[in-house]
Each structure stands twice: as C-alpha cells, then as structure tokens.
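Peer 1: Structure in structure tokens, see below.
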Amino acid sequence: WDNTNNKLGIGTSAPSSALTVLGGNVGIGTSAAGAALQVNGGGLFGWGTASVAGPANGLAVFGNVGIGTTSPSTPFFLTNNASTGTIATIVGNSLTSGTGLSVSSTSNNFSSGYLANLDWSPSAQTTATGSLLNIGIGVSGLGANYLNLADAGTSVFSISKQAVTTSLPVNFTSP
C-alpha cells in the first residue's frame with residue numbers, strides 16, 4: 001500500500017494507478033485463475049447500485065461495449081480495420097435445436113429504419129467479385145428451407161433445395 005498516493009500494489013511496491021497487479025493472473029471467485037483476469041460467477045461492470053446482482057455465470061455491463069474502439073457509439077460496437085480476413089465469427093457447433101443467431105424486437109413503435117441492415121457502400125465505383133450475401137449449406141446439410149420470409153408466422157417466400165415458393169405476385173425484369 002502506497003500511503004502517500006493512496007495506491008495499492010500487488011506484486012509491486014510502486015503502484016502506478018489506484019490498483020496495480022503485476023506478476024501473475026488475477027482471479028475473482030477462483031483461487032486458481034487461468035487467465036490474466038478470470039471472473040467466476042456473476043460479474044458487473046459500470047453498475048451504479050449495489051442492489052443489482054450479476055448473472056449466475058456471466059457478465060453484465062452497463063453502458064456501451066466496444067471491441068476495437070475506445071468510443072463505442074451503440075450498446076455493442078465492433079470495428080476492425082483489416083483489409084482481408086474475417087471480422088467476426090459466431091460458432092455454434094454443438095447446437096442441435098433452437099436458433100444460432102437471433103435479432104428480435106417487440107417494439108410497438110418501430111416505424112422506420114431496419115431491424116437488420118447489411119450495407120456495402122464503397123466510396124468509389126467498385127465491382128464485387130464475390131457474393132454480398134452468402135448462405136452456405138454444407139454437402140450434408142438437408143434443410144427444409146434455406147431461406148424463409150414469413151408474415152405473422154405464415155411463409156410468403158421460401159427457397160429450398162428443390163424449389164422457390166411464393167404467395168407474392170412476382171415480376172422479374174432484366175436491366
């Protein structure tokens with residue numbers, strides 16, 4: 001403890017901030033931390049009240065979370081300036097039923113905008129040589145529908161391995 005500057009050092013006698021930990025992993029809720037910071041049980045960050053409990057086996061963050069940025073402008077903001085590769089991956093190899101990725105809303109006031117938006121806006125005229133949206137089905141994948149658009153639970157347009165099915169009036173014209 002640095003009594004002069006009110007700083008606590010673990011593994012150092014000269015802490016440079018309010019809490020400085022050097023020389024090992026830090027564990028909260030564990031006596032054998034396997035990472036630089038390991039939190040077992042529920043964790044809360046940014047909560048302004050002691051009456052809020054953390055999730056049983058997770059992490060709750062109050063405020064915006066940024067990955068790749070120090071100034072996230074939305075509740076979850078991911079940015080990466082890589083010119084090649086993959087920016088984000090969600091893997092659900094053990095999923096046997098349910099939903100791998102869900103974006104949902106029960107808002108009664110949603111009147112404009114998008115629930116989901118995939119936007120490619122190059123700053124100059126560019127011809128894409130790849131697909132802007134790819135739905136990959138492996139050789140062993142036998143889905144009933146690969147794409148299904150529904151209105152109030154009733155399918156209005158679907159694509160399966162065998163057919164394109166629609167209850168919408170369809171008109172295709174080429175440029």
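The values are calculated or read from the model by the stated rules, or taken from the named source; none is laboratory data. Just so it is clear, the model here is predicted, and its values are computed rather than measured. Positions of Cβ are backbone-derived with ideal geometry, glycine not excepted, and every protein chain shown enters the neighbour counts. Surface areas here come from the heavy atoms of the whole protein model, side chains and all, with no ligands, DNA or RNA. Shrake-Rupley method; radii C 1.70, N 1.55, O 1.52, S 1.80 Å.
Peer 1: Filter segment 8-21 for residues that are surrounded by 10 or more Cβ atoms within 10 Å (Cβ to Cβ) and out of contact with any strand residue (DSSP E or B) (no Cβ under 7 Å at 6 or more places or on another chain); which is farthest from G54 (Cα to Cα)?
Peer 2: Going through the qualifying residues, I end up with A14.
Peer 1: Of these, G58, G34, which one is under 24 Å from V103 (Cβ atoms) and exposed (fewer than 12 other Cβ atoms within 10 Å of the Cβ)?
Peer 2: G58
Peer 1: Next question, about the same structure. Check G24, G9, G34 and return the single one that is of a type outside the set (A, V, I, L, M, F, W, C) and touching a Pro at 6+ places or on another chain (Cβ under 9 Å). Don't jump to the end; show me each part of the working.
Peer 2: Values: G24 fails: touching a Pro at 6+ places or on another chain (Cβ under 9 Å); G34 fails: touching a Pro at 6+ places or on another chain (Cβ under 9 Å).
Residue meeting the stated conditions: G9.
Peer 1: Follow-up. Cβ contacts < 7 Å: first residue free of Cβ contacts under 8 Å to residues at least 24 places away in the same chain, restricted to segment 1-25; second residue of a type in the set (F, W, Y) and open to solvent by 90 Å² or more (accessible area, probe 1.4 Å), any location; separation 6+ or different chain. Result?
Peer 2: Partner pairs satisfying both residue conditions: L8/W1.
Peer 1: Still on this structure: Go through segment 146-169 and give me each residue that's open to solvent by 80 Å² or more (accessible area, probe 1.4 Å) and either within 28 Å of the chain's Cα centre (by Cα) or hydrophobic (A, V, I, L, M, F, W, C) (or both).
Peer 2: Correct list: L149, D151, A152, V164, L168.
Peer 1: Got at least one residue in segment 37-49 being open to solvent by 60 Å² or more (accessible area, probe 1.4 Å), more than 30 Å from N5 (Cα to Cα) and free of Cβ contacts under 8 Å to residues at least 60 places away in the same chain?
Peer 2: Yes: one or more hits.
Peer 1: Got a sec? Which of S104, S111 is at pLDDT below 85, within 27 Å of G46 (Cβ to Cβ) and exposed (fewer than 10 other Cβ atoms within 10 Å of the Cβ)? Walk me through it before giving the result.
Peer 2: Details: S111 fails: within 27 Å of G46 (Cβ to Cβ).
Just one listed residue meets the conditions, S104.
Peer 1: I need the full set of residues from segment 71-87 which are modelled with pLDDT of 85 or more and in contact with a strand residue (DSSP E or B) (Cβ under 8 Å, 6 or more places away or on another chain), in order please.
Peer 2: P72, P75, F76, F77, L78, T79
Peer 1: Go through (1) surrounded by 10 or more Cβ atoms within 10 Å (Cβ to Cβ); (2) free of Cβ contacts under 8 Å to residues at least 12 places away in the same chain and name the single condition N64 misses.
Peer 2: (2)
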